[in-house]
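Peer 1: Have a look at this one.
The values are calculated or read from the model by the stated rules, or taken from the named source; none is laboratory data. No experiment lies behind these values; they were computed from the predicted model shown. Cβ atoms come from the backbone with ideal geometry, glycine included; neighbour counts cover every protein chain shown. Accessible surface is based on the protein model in full, side chains and every heavy atom, while ligands, DNA and RNA are left aside. Shrake-Rupley method; radii C 1.70, N 1.55, O 1.52, S 1.80 Å.
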Amino acid sequence: MDEPAFRTIIEPFRIHSVEPIRMTTAAERRERLAAAAYNLFQLHADDVLIDLLTDSGTGAMSRDQWAAIQRGDESYAGSPSYFVFRDAVRDLFDFAHVIPVHQGRAAERILFTVLGGPGKTVPNNTHFDTTRANVEATGATAVDLVIPEGRDPASRHPFKGNMDLAALEALLAGGADVPCVFVTITNNSGGGQPVSLENLRGVRALCDRYGKPLFLDACRFAENAWFIREREAGQGGRDVVDIVRDIAALADGMTMSAKKDPMGNIGGWLALDDPALAQECRNLLILTEGFPTYGGLAGRDLEALAQGLKEVVQHDYLRYRITSTAYLGEALQQAGVPVLTPIGGHAVYIDARALLPHLDPLHYPGQAVAVALYELGGVRSCEIGTVMFGRRPDGAEAAAPMDLVRLAVPRRTYTQSHIDYVIEVCGCLAERAHRLPGYRIVEEPDALRHFTARFEPIA
Ligand code: F0G
């Protein structure tokens, strides 16, 4: 008998332990919003029905990860759990030095403390906010050199995360003091869009020509590798593990937030080949993170991550992950919600500027959409636009290239009926979009303002 092809995407797991969701009313949520000064980071998570704020550290661990936690060895130095972790990292990313940290930004802080400094320039396809902040905190300049299609929400380029090679070459040839070149896979701030193997090879060639080390910000490496398998000529049918190893072989090092694809609730690492640089980084690690065989993590965390790395590269998991995110994105398009295309790996990005054409970008259309999604349906999303990126280091304010609202899907956490509910809430929002007010900021810190800024609606 032929094997019939079924349309329904089933979660390739069963539920083993459940967490209750507290139901709330729109009236309650309006009250909570005012108390949080319309900043969704200031809500109590208990007051959220479906939390799509981030896919970072919010996923469900597997039975085998919880079992691995029991094997955690908490020795201060030389814990066997470190070696399990190191070997799992090296099986995919074969770098000589693997330095655990408590999360991705700790790796960024350490690396840029050594490589950054006034007068330096760090190129990336698009810096994530903490990456940019850590570059700028050293006095260096962070420049985003994603291809032009990567800045156009409607472009359907299959690898919108690609680096603009001509722009990178112009920067390197122009004599800028570049300590390293970064590529973020997938390109989170640009819509969870992948980078092709071909583009990475092009970046590598430029790094070789100009003698620069290439680093990956590899949080969502497995999703990126799956997109390469699906979309890049000659890559279909390959094992994702081999694609990941090819990616790693092109780089000199990586920073990692293990709260994403490695399926951890906490963790990260810095890995690299250069022994002198690794030594400098370890010296800084000891100041704030801990001894190099645990670096800010418990032995049990290291074990859970080692197991997570084995699970995230499984094809059944990745097929479900990418297809179910696309299911959300395609349903939103059908409901008349403009979204960034193609649909990203970990998230769907609503194009708030297109949905709310009556709002000036400096009245934060992304914030308006995010607030309304919470008020209407208790769905928490994240503005990635002028609130997050509109404030320059000198304090001036300018519209970000795009005003997006990210619906990030935690790994293995929500079922299809949760996602169907989100689709319904977004459809309801689209019908009321023309009536949504803009926002103004009434109080903000100097850096990373989106976490703590206070807003008020513009009457
Ligand atoms: N790089 C990228 C591409 C990220 O997406 C993140 C975190 C980091 C670095 C920093 O890692 O949080 O472990 O310190 N992104 C989360 C998000 C916070 O919601 O996208 P971290």
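Peer 1: For region 394-408, state whether one or more residues are open to solvent by 30 Å² or more (accessible area, probe 1.4 Å), more than 24 Å from Glu28 (Cα to Cα) and either within 16 Å of the ligand (Cβ to nearest atom) or within 24 Å of the chain's Cα centre (by Cα) (or both). Can you show your working first?
Peer 2: Just the residues of region 394-408 that are open to solvent by 30 Å² or more (accessible area, probe 1.4 Å), to begin with: 394-397, 399, 401.
Still in the running and more than 24 Å from Glu28 (Cα to Cα): 394-397, 399, 401.
Narrowing further to those that are either within 16 Å of the ligand (Cβ to nearest atom) or within 24 Å of the chain's Cα centre (by Cα) (or both): 399, 401.
There is at least one residue in region 394-408 that is open to solvent by 30 Å² or more (accessible area, probe 1.4 Å), more than 24 Å from Glu28 (Cα to Cα) and either within 16 Å of the ligand (Cβ to nearest atom) or within 24 Å of the chain's Cα centre (by Cα) (or both).
Peer 1: Of everything in region 409-432, what is crowded, with 21+ Cβ neighbours inside 10 Å and over 29 Å from Met61 (Cβ atoms)? Give them in sequence order.
Peer 2: Leu429
Peer 1: While we're on this one: From the list Val89, Val135, which residue is within 22 Å of Leu309 (Cβ to Cβ) and open to solvent by less than 10 Å² (accessible area, probe 1.4 Å)?
Peer 2: Step by step, each of Val89, Val135 is checked, and only Val89 is within 22 Å of Leu309 (Cβ to Cβ) and open to solvent by less than 10 Å² (accessible area, probe 1.4 Å).
Peer 1: What about Leu49, is it within 24 Å of Arg412 (Cβ to Cβ) and buried (at least 18 other Cβ atoms within 10 Å of the Cβ)? Reasoning before the result, please.
Peer 2: Working: within 24 Å of Arg412 (Cβ to Cβ): yes; buried (at least 18 other Cβ atoms within 10 Å of the Cβ): yes.
Judged against the criteria, Leu49 is a match.
Peer 1: Let me ask something else. Just to be sure I understand, how many residues within region 245-270 are away from the ligand (no atom under 16 Å from the Cβ) and part of a helix (DSSP H, G or I)?
Peer 2: 4
Peer 1: Then there is this: State the number of residues belonging to region 20-45 that are more than 26 Å from Ala60 (Cα to Cα) and of a type in the set (Ser, Thr, Tyr).
Peer 2: 2
Peer 1: Can you run down the residue pairs with Cβ atoms below 6 Å, 6 or more apart or on separate chains, where the first is in region 400-418 and within 19 Å of Leu318 (Cα to Cα) and the partner is open to solvent by less than 20 Å² (accessible area, probe 1.4 Å) and in a helix (DSSP H, G or I)?
Peer 2: Val409/Thr325
Peer 1: Okay, next question. Considering only region 310-324, I want to know if a residue exists there that is β-branched (Val, Ile, Thr) and either open to solvent by less than 10 Å² (accessible area, probe 1.4 Å) or in contact with a Cys (Cβ under 6 Å, 6 or more places away or on another chain) (or both).
Peer 2: Let us first name the residues in region 310-324 that are β-branched (Val, Ile, Thr), namely 312-313, 322-323.
Pick out the ones that are also either open to solvent by less than 10 Å² (accessible area, probe 1.4 Å) or in contact with a Cys (Cβ under 6 Å, 6 or more places away or on another chain) (or both) and you get 312.
Yes, region 310-324 contains a residue that is β-branched (Val, Ile, Thr) and either open to solvent by less than 10 Å² (accessible area, probe 1.4 Å) or in contact with a Cys (Cβ under 6 Å, 6 or more places away or on another chain) (or both).
Peer 1: Continuing with the same structure: Among what's in region 1-23 and is out of contact with any Lys or Arg (no Cβ under 9 Å at 6 or more places or on another chain), open to solvent by less than 100 Å² (accessible area, probe 1.4 Å) and among the β-branched types (Val, Ile, Thr), pick the residue that is modelled with the lowest pLDDT.
Peer 2: Thr8
Peer 1: Report, by residue number, each residue of region 207-229 that is without any contact (Cβ under 8 Å) to a residue 60 or more places away in the chain and either open to solvent by 10 Å² or more (accessible area, probe 1.4 Å) or polar (S, T, N, Q) (or both).
Peer 2: If the condition is that a residue be without any contact (Cβ under 8 Å) to a residue 60 or more places away in the chain and either open to solvent by 10 Å² or more (accessible area, probe 1.4 Å) or polar (S, T, N, Q) (or both), then Asp208, Arg209, Tyr210, Gly211, Lys212, Arg229 are the ones that fit.
Peer 1: Okay, moving on. Out of all the residues in region 418-425, is one or more under 30 Å from Tyr327 (Cβ atoms) and assigned to a loop (DSSP other than H, G, I, E, B)?
Peer 2: Checked against the condition, which is being under 30 Å from Tyr327 (Cβ atoms) and assigned to a loop (DSSP other than H, G, I, E, B), region 418-425 yields no hits at all.
Peer 1: Kindly list the number of the only condition in (1) closer than 20 Å to Ala218 by Cα; (2) within 20 Å of the chain's Cα centre (by Cα); (3) among the basic types (Lys, Arg) that fails for Arg90.
Peer 2: (2)
Peer 1: Something else now. If a residue counts only when it is of a type in the set (Phe, Trp, Tyr) and closer than 24 Å to Leu284 by Cα, which strands (runs of 3 or more DSSP E) contained entirely in region 64-180 have at least 2 such residues? Steps first, answer last, please.
Peer 2: On the way: elements: 97-101, 121-124, 141-144.
Those strands (runs of 3 or more DSSP E) do not exist here; none qualify.
Peer 1: Failed condition for Val146, given (1) within 16 Å of the ligand (Cβ to nearest atom); (2) touching a residue at least 60 places away in the same chain (Cβ under 8 Å); (3) β-branched (Val, Ile, Thr), with all others met?
Peer 2: Of the numbered conditions (1) within 16 Å of the ligand (Cβ to nearest atom); (2) touching a residue at least 60 places away in the same chain (Cβ under 8 Å); (3) β-branched (Val, Ile, Thr), the odd one out for Val146 is (2).
Peer 1: If Gly190 satisfies every condition in (1) of a type outside the set (A, V, I, L, M); (2) modelled with pLDDT under 95; (3) more than 16 Å from the ligand (Cβ to nearest atom) but one, which is the exception?
Peer 2: It is condition (3) that Gly190 fails.
Peer 1: Moving on. Please give the number of the condition Glu232 fails out of (1) touching a helix residue (DSSP H, G or I) at 6+ places or on another chain (Cβ under 7 Å); (2) within 16 Å of the ligand (Cβ to nearest atom); (3) in contact (Cβ under 8 Å) with a residue 60 or more places away in the chain.
Peer 2: Every condition holds for Glu232 apart from (2).
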